[in-house]
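Encoded as structure tokens, the structure appears first; notes follow it.
The values are calculated or read from the model by the stated rules, or taken from the named source; none is laboratory data. Since this is a predicted model, take the numbers as computed values, not measurements. Glycine gets a Cβ as well: all are built from the backbone with ideal geometry, and neighbour counts include every protein chain shown.
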Amino acid sequence: MEKVQTIEDIKVVASYLRRVGAEVRGMRTAVIREPKGKYWVDICSITISTDGIVSVSNEAYAPTEGEEAGIKTACENIQWPQIKPLYKLPKNLPKVMENADKKDIFLFRNAEGMIIFAQVRIDNAESGSKNYVPCSYFDDDEWRHVEPDGRLPLYNIDKVGDNTTVFIHEGAKAARHAQWMVDGETAEARKALKEHPWGQEIDGAVHVGWVGGALSPDRTDWSVLKRLGINRAYIVSDNDAPGRQSVPKIAYYLRMPTFTIQFTDEWPVSFDIADEFPSKMFSVEGKTRYYHGPSFSACLQPATWATDLVPNKRGRPSAVLRECFLGMWTYAEEADLFVCTEMPDIMRQENILNKKLAPFSHASNTAQLIAKAYSGQYVRLCYRPDEKGFKVENDGWAGLNLHRPTDIKPVAGDPTPWLEFMEYLFPIAEERDQMLKWCATIAARPEIKMEYGVLLVSEKQGVGKTTLGSAVLAPLVGPWNAGFPSESDIGSSFNGWIANRRLVVANEIYSGHSWRVYNILKSKITDREIEVNEKFMRPYRIENWAHIIASSNSMRALKLENDDRRWFAPYVTEDIWPREKFAKFRSWLNGGGLQIIMHWAVNYGEYCKEGERAPMTARKAEMIEESLSDHQQNAIALARVIEGKGGEIAVCMKPIMKWLESQSSDKVWDTAREIRKAMCMSGLNQWDQRLRVQGSDQYVMLSKAARMNLANFDPIDCEDERERRKIEDTRKRDYVRSILVMPEDVMEGEL
């Protein structure tokens, strides 16, 4: 029998391979490749069996009849060596391995830990490119620079152990580094994991790598993952187009719940989570380096392959949902929406979901298959921060809970920068304490629905109002639980900005002369349910857990009622922090400060209670007055002059309305009731009776002194109750008539 090193030692085979432009890959395999960017894609694989039968994946490159016959004849006397698995490397290493740095050698083992083959990484310093040289050990005790025939093993598959979760990296290098951190066998590795921005998320899993290129994941043996008990996979492809295109190809083979890490342009091309994160995503405070880039969950996307094809005797095969996919999406009848069970903030209509799932399904209408697959009836959507879990009982219905908790974890630390910022922003201690309590409740007590919002007003821009809402509170509740509507959004008939939100940050509010925005927000603060109305979607009702923090640079931000209980309006500083202090505070926030604030909130202890009313503040009283019309403000001026005189004074409403008209060229559009409410704001009292004056019954406004005098009238000694009341009523009316004055007489010399 003739011994060969590779199939190229067989002349007729070598001639055939040269003709079709193929290169040797394994002991009995070859491939025809063509470049695609920095990658190579296989256009034909060639396999020669031990008895000389040639198989090709593309008939255009098949051998001629003469070549086929010659190859079959030549192989009759060939002794084919077989790969010899090794527990450890032998002494006779190939030169490429002897000369290589240890970090550039990657040993691929099977699940039992035996070495199947090795790769040696060779970097080209001039071009910046890299090449991987395969090395396989055979039963004739010789090394050959070929890959194993058949599907390639996954790097680190021997480390699966009891793990049920796997991170799949593009290449052995990334997988090795990630596994090194997770194993934590050295102080350096443990430090690297602790400092890794996503260290908590990548811990507790095995990290494997596939080889053969992003464009050829089908060369890998993926079935071993299922056999070893892996039931959840995260694909970490490189941050480039070929890497992203590999995701559905890998997902097809996995048959388990699958997710992918989708990097953005903030990361460099070809980035992997085992690489050093960009320096712009970090800030340094003292000796501590803080990460402020995108979170792991923000980059996570569902990627489970949806279907299998079942043969159909009558025609084309039928697509059926895979068992592993059935639990990934569910249908909510009331809203006519499909919800991702793992990430409930992802909701899609049927046509959009079909487009999203197209790369992961054989079917063109996967949503219809989901709707047909019974997995329990979930009629309603709900938003329940007070409940854990996705599928919950909600008012007697089976509901899909769309609330997704924040991923900000509390970390002990010094909250001084946060407390200093709040002390600067809210100079009045009592009001600052109320704001701290409100913020702590938002951050740490998702089960509490407060019944008042916060209105921050300063005439100076840039004092930090937006920083509090957008840079502190929104990240603390989770960006998916926060909405950022404009004033026009609030006034629109579409209200998706408040649906499934715990926090609504409304900046630049200015509706001081209109009740419309006030009334819209008033109901949104206290209503327990809202009807969600979004473009092109069926309206549906859902729980309202939104807390509103609005800001403005105008004292007429909102038209507020005198007895409003829904807005807390603390005094906001008019002094602007130096730019350096703002920069330092934001840097602290992004570098771990949010986690420290969360720890502060969790341990704050004193939280707002359900049903608690917003405390009145001097700023709110000022805003209420500022939001009044010119005629209402003139009425307040009249009331203050009346009170300022300190005597017993009464004024009828008709003369008041006539006087108000005389003070302006504009018609008085305010109702008499609105004018009376405005005057009551400044201490006057509305008499509970009407007084007949000049032929008509009129409301009367009384000074405090007059009201007290009426209340202190000596009782009448009369046995007949009706007669007694009649006499007392006459006395009071005569008294009020005796102190009636005209507004112009009161204001003479005042304006």
(request) Check whether at least one residue in region 665-676 is surrounded by fewer than 16 Cβ atoms within 10 Å (Cβ to Cβ), assigned to a helix (DSSP H, G or I) and hydroxyl-bearing (Ser, Thr, Tyr), and report yes or no. (result) no
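Quick check on this structure: which one of Val166, Val208 is of a type in the set (A, V, I, L, M) and either at pLDDT below 95 or under 22 Å from Lys103 (Cα atoms) (or both)?
One residue alone meets the criteria, Val208.
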(request) Would you check if Phe282 is closer than 27 Å to Trp480 by Cα, touching a strand residue (DSSP E or B) at 6+ places or on another chain (Cβ under 9 Å) and surrounded by fewer than 21 Cβ atoms within 10 Å (Cβ to Cβ)? (result) yes
(request) Among the residues of region 695-744, count how many are closer than 14 Å to Gly647 by Cα and free of Cβ contacts under 8 Å to residues at least 24 places away in the same chain. (result) 3
(request) Sort through Glu622, Glu612, Glu626, Glu606 and tell me the only one that's acidic (Asp, Glu) and at pLDDT 90 or above. (result) Glu606
(request) Output yes when any residue across region 547-554 is more than 30 Å from Leu402 (Cβ to Cβ) and either touching a Ser or Thr at 6+ places or on another chain (Cβ under 7 Å) or basic (Lys, Arg) (or both), and no when none is. (result) yes
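Kindly check whether there is at least one residue in region 93-100 that is part of a strand (DSSP E or B), under 23 Å from His145 (Cα atoms) and not assigned by TED's automatic domain parsing to the domain that holds Glu8.
no
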(request) Might you let me know whether region 206-224 holds any residue that is crowded, with 19+ Cβ neighbours inside 10 Å, hydroxyl-bearing (Ser, Thr, Tyr), assigned to a loop (DSSP other than H, G, I, E, B) and within 24 Å of the chain's Cα centre (by Cα)? (result) no
(request) Mind listing just one residue for me: the one in region 707-726 that is loosely packed, with under 13 Cβ neighbours inside 10 Å and in a helix (DSSP H, G or I) and, of those, modelled with the highest pLDDT? (result) Met708
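Each row is one residue, and each column tells you yes or no for (1) modelled with pLDDT of 85 or more; (2) of a type outside the set (A, V, I, L, M, F, W, C); (3) not in a loop (DSSP other than H, G, I, E, B).
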{"site": "Pro311", "(1), (2), (3)": "yes, yes, yes"}
{"site": "Tyr331", "(1), (2), (3)": "yes, yes, yes"}
{"site": "Met343", "(1), (2), (3)": "yes, no, no"}
{"site": "Arg384", "(1), (2), (3)": "yes, yes, no"}
{"site": "His403", "(1), (2), (3)": "yes, yes, no"}
{"site": "Ala412", "(1), (2), (3)": "yes, no, no"}
(message) So Ser627 passes all but one of these: (1) under 30 Å from Cys439 (Cα atoms); (2) among the polar types (S, T, N, Q); (3) surrounded by fewer than 17 Cβ atoms within 10 Å (Cβ to Cβ). Which condition number does it fail?
(response) (3)
(request) Residue by residue through region 225-242, note down the ones that are of a type in the set (Ser, Thr, Tyr) and in a loop (DSSP other than H, G, I, E, B). (result) Ser237
(message) Quick test of your reading of the structure: Arg566 fulfils all but one of (1) basic (Lys, Arg); (2) crowded, with 18+ Cβ neighbours inside 10 Å; (3) not assigned by TED's automatic domain parsing to the domain that holds Lys522. Name the failing condition by number.
(response) (3)
(request) Check Val668, Val693 and return the single one that is closer than 15 Å to Pro743 by Cβ and either touching a Leu at 6+ places or on another chain (Cβ under 6 Å) or modelled with pLDDT of 90 or more (or both). (result) Val668
(message) Looking at the structure I just gave you, is Ser662 within 15 Å of Met747 (Cβ to Cβ) and among the hydroxyl-bearing types (Ser, Thr, Tyr)?
(response) yes
(request) Return a yes/no flag: does region 263-277 have any residue that is under 27 Å from Ser361 (Cα atoms), of a type in the set (Asp, Glu), in contact with a strand residue (DSSP E or B) (Cβ under 8 Å, 6 or more places away or on another chain) and in the same structural domain as Ala178 (by TED's automatic domain parsing). (result) yes
(request) Name every residue in region 476-523 that is at pLDDT below 75, loosely packed, with under 15 Cβ neighbours inside 10 Å and polar (S, T, N, Q), in order of residue number. (result) Ser514, Asn519, Ser523
